[in-house]
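> Here you go, one structure.
The values are calculated or read from the model by the stated rules, or taken from the named source; none is laboratory data. All of these numbers come straight from a predicted model, not from anything done at the bench. Here the Cβ positions follow ideal geometry from the backbone for every residue, glycine too, while neighbour counts run over all protein chains shown. Just so you know, the surface numbers come from the protein's heavy atoms only, side chains and all, with ligands and any DNA or RNA stripped out. Shrake-Rupley method; radii C 1.70, N 1.55, O 1.52, S 1.80 Å.
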Amino acid sequence: MYETSYHRPTSLEEAANLATEKGDEAKYLSGGMTLIPTMKQRLAAPEALIDLRHVGELKGITVNGRSIRIGGGVTHAEVAMSDEIKSVCPGFASLAGLIGDPAVRHMGTVGGSVANFDPAADYPAALLALGGTIHTNKREIAADDFFLGLFETALEEGEIVTAVSFEAPDQCAYEKFRNPASRYAMCGVFVARRADGVKVGVTGAGSSGAFRWSDGEQALSSDFAPEAVDGLTVSEADMMGDIHGSSAYRANLVKVVTKRAVKKALSH
Amino acid sequence: MTDVTITVNGREMKGSVEDRTLLVQFLRGNLGLTGTHVGCDTSQCGACVVHVDGKAVKSCTMLAVQASGSSVTTIEGLASGADLHPVQAAFREHHGLQCGYCTPGMIMTAVDMIQRHGSSLDEETVREELDGNICRCTGYHNIVKAILSAAGASQPQSIAAE
């Protein structure tokens, strides 16, 4: 790892000021589960690290009726073990329990994952399917407008993800088809059903990161059953292809994993 | 260089470290606590698992400066005097190790797992929760038995490859 300097703000304002002061060479450090390995490989070399783990405003889970708000600094383990989230939106809690391994879940945060937007990250699929909102220290952004492309979000320089929020749907589930070695999603699908329709968020498969599968949404909105997507095809052109699976393989996975997710949602 | 203060195995330890120093380097290099191992150094294998403020984390993926002000428990901090921690005793009883390289991390992960699940642990959960700990000897079988035993959980009815 190249040299760096560590800073520990205790408020959002202090964190943002540090980022302004340090400029381009600074990076926010949340759980560090992506950033630190990346720095160790010398693929990233920020001159300054601004640790967000001691910023109180980023903590806490609030559930009001069916409205859920999760602070950016909340860890995956806290989401997975939250009785409040489990009681209104069990699909979201179980997604958090499938990220990494227990030690990674103790450190990694919702805000860090959302801001990084790894093409195989799990939360983006859920936030897209749930019509979620990403809150920052400057504004609120709908998930549909937030996730732009590979590792690319609507976040501006120095902007901090302070929370994510969404309304729990009537039924939902997340199904993850993991690479057997890395355990990352080769394809992960979150389905959310409400009175006004179904939304389907897909991660791990798309060549531009997580996306909504609109053909699948249409079919499932008229018939919320696994068979509803049988006749559909997913375009290979939009899929990732690598040594772990071709784009044709991933295109097929989108259908298969969606069917499994629907089956799971129906069984809840 | 930054001054850090970390309570390690109940004792307040102070040190001056480069900000890029990993927690595992601080534990092994500065404090000489070499029970915590470095296996893959890419957060996959779990040989470096320690507890930070009571939770299992990978010390190769955390900076020492991040842990300043925290309490860290390493494998050296589990036993009380000559008495092994119950999880250590269970690993010995069930021979939950072959070469032993992964063992400190396995035990720290197991202690954390048992704290969270208690005697409700079952074989499937143990295997799932060992996702981030790799035993290159593939000795998982006895590790799972040891963890279930230490948790006071029931052993699987039929264990394969006995």
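> So how strong a dipole does the range A:56-167 carry about its Cα centre when Lys and Arg Cβ are +1 and Asp and Glu Cβ are -1, to the nearest 20 debye?
I would put it at about 340 debye.
> Give me the mean projected area, in nm² to one decimal, of the convex hull enclosing the Cα positions of the range B:2-77. Kindly include the intermediate steps, with their values, before the conclusion.
Values: hull surface 16.7 nm².
For the range B:2-77, the mean projected area of the Cα convex hull comes to 4.2 nm².
> Where Rh denotes the Kirkwood radius from the mean inverse Cα pair distance, what is Rg over Rh for the range B:81-126?
When Rh is taken as the Kirkwood radius, the ratio is 0.97.
> Could you tell me which residue out of B:T21, A:G23, A:T133 lies farthest along the dipole of the protein assembly as shown toward its positive end? Charges go on the beta carbon: Lys and Arg +1, Asp and Glu -1, centred on the Cα centre.
B:T21
> Could you state the number of Å between the C-alpha centres of the range A:115-164 and the range A:1-71?
15
> Using the membrane-span-like helix rule (whole DSSP H runs, Cα extent along the own axis of at least 15 Å, mean Kyte-Doolittle hydropathy at least 0.0), which helices of chain B qualify?
Span-like helices, by this rule, are B:103-117, B:140-151.
> Okay, moving on. Quick one: what does P(r) look like for the protein assembly as shown with 10 Å bins over all Cα pairs, in whole %?
Values per bin, smallest distances first: 5, 21, 29, 26, 15, 4, 0.
> Just the number please: accessible area per residue for the range B:2-77, 1.4 Å probe, all protein chains included, in Å².
Numbers: 2760 Å² over 76 residues.
Per-residue value: 36 Å².
> Considering every Cα-Cα pair within the range A:171-267, what fraction, in whole percent, is farther apart than 16 Å?
49
> Moving to a separate point now. For chain B, build the convex hull from the C-alpha positions and give me its volume per residue in Å³.
Spelled out: Cα convex hull of chain B, divided by residues, is 103 Å³.
> Oh, and also: At a probe radius of 1.4 Å, figure out the B/A buried accessible area, summed over both chains, and give it in Å² to the nearest 100.
When B and A are taken together, about 2200 Å² of accessible area is lost.
> I would also like to ask the following. R0 = 22 Å: FRET efficiency of A:A142 with A:R66, Cβ-based, nearest 0.05?
0.75
> Please give the length that would be gained between A:Y249 and A:H54 if that part of the chain were fully extended, namely 0.36 nm times their separation in residues minus their C-alpha to C-alpha distance (nm, one decimal).
Working: separation 195, 0.36 × 195 = 70.20 nm, distance 4.29 nm.
So the extension gain works out to 65.9 nm.
> Right, another one. Leaving out ligands, DNA and RNA, what percent of the accessible area of the range B:1-131 is carbon and sulfur, probe 1.4 Å?
About 46 percent, which is the carbon plus sulfur part of the accessible surface.
> Run the simple label-point estimate for B:A82 and A:L232 please: 7 Å along Cα→C-beta, distance reported in nm.
Each label point lies 7 Å from its Cα, and together they span 6.8 nm.
> On to the next question. Over what distance in Å are the Cα centres of the range B:118-149 and the range B:9-33 separated?
That distance is 29 Å.
> Between B:E12 and B:C99, what is the label-point separation in nm under the 7 Å Cα-to-beta-carbon projection?
In this crude label model, B:C99 to B:E12 measures out at 4.1 nm.
> Please identify the chymotrypsin sites (Phe, Trp or Tyr not before Pro) of the range A:107-151 that satisfy two criteria: DSSP loop assignment and at most 13 other Cβ atoms within 10 Å. Which are they?
In loop regions of the range A:107-151 (DSSP not H, G, I, E or B), the sparsely surrounded chymotrypsin sites (Phe, Trp or Tyr not before Pro) are A:F151.
> Build a GNM of chain B with springs between Cα atoms under 10 Å: which of B:R11, B:R92, B:R28 gets the top mean-square fluctuation?
B:R11
> Same structure, new question: Considering only A:G73, A:G111, A:G97, give the residue with the highest GNM mean-square fluctuation for chain A, with springs between Cα atoms whenever their separation is below 10 Å.
Looking only at A:G73, A:G111, A:G97, the largest GNM fluctuation is found for A:G97.
> Additional query: Label points 7 Å out from Cα along the Cβ direction at B:D3 and A:S214: separation in nm?
6.1
> Mind listing, in residue-number order, the residues in the range A:87-133 that have at least 20 Å² less accessible area with every protein chain present than in their own chain alone (1.4 Å probe)?
Buried by the other chains: A:D101, A:P102, A:A103, A:H106, A:M107.
> Can you tell me the orientation of helix A:247-267 relative to chain A, as the angle in degrees between its alpha-carbon axis and the longest Cα principal axis, to the nearest 10?
So the inclination is approximately 80 degrees.
> Which GluC sites (Glu not before Pro) does the range A:104-186 hold that lie in a coil by DSSP with at most 10 other beta carbons within 10 Å? Each step should come with its number before you reach the end.
Values: sites: A:E140, A:E152, A:E156, A:E157, A:E159, A:E167, A:E175; in loops: A:E156, A:E157, A:E159.
Filter output for the range A:104-186: A:E156, A:E157.
> Oh, and also: Could you report the range A:5-51's accessible area per residue, 1.4 Å probe, as an integer in Å²?
Accessible surface, normalised per residue, equals 49 Å².
> Restricting attention to the alpha-carbon atoms of the range A:62-165, what are Rg (one decimal) and Dmax (integer), both in Å?
12.7, 37
> Take chain A, connect every pair of alpha-carbon atoms lying under 10 Å apart with a spring to form a Gaussian network, then pick out the residue of A:T62, A:T75, A:T203 with the largest mean-square fluctuation.
Result: A:T62 has the largest fluctuation of those listed.
> Give the angle, between 0 and 90 degrees and rounded to the nearest 10, that separates the Cα long axis of helix A:12-22 from the longest principal axis of the Cα atoms of chain A.
Computed tilt is about 70 degrees.
> Provide the gained length on full extension for the span A:T20 to A:A181, in nm with one decimal, where the gain is 0.36 nm per separating residue minus the Cα-Cα distance.
Values: separation 161, 0.36 × 161 = 57.96 nm, distance 3.98 nm.
In short, 54.0 nm is gained.
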